[in-house]
């Protein structure tokens, strides 16, 4: 699995460091909390949230 550091580097390469980057960080935090509450894989859910706009 990709590491968070690798994901952040990819995110910055694709999106820059503007509003969409900050949005992705917020979605990551929300996804991690949801995973925690639901007993799911926090790292996987966090990375999914972090990278959801990279396409």
*Just to be sure, is residue 32 loosely packed, with under 13 Cβ neighbours inside 10 Å, without any contact (Cβ under 8 Å) to a residue 60 or more places away in the chain and part of a helix (DSSP H, G or I)?*
no
*Selection status of residue 20, in a helix (DSSP H, G or I), modelled with pLDDT of 95 or more and at negative phi*: no
*Given the conditions (1) in a helix (DSSP H, G or I); (2) in contact with a helix residue (DSSP H, G or I) (Cβ under 7 Å, 6 or more places away or on another chain), which single one is not true for residue 2?*
(1)
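The values are calculated or read from the model by the stated rules, or taken from the named source; none is laboratory data. Quick caveat: nothing in here was measured; it's all calculated off a predicted structure. All Cβ positions, glycine included, derive from the backbone under ideal geometry; neighbour counts span all protein chains shown.
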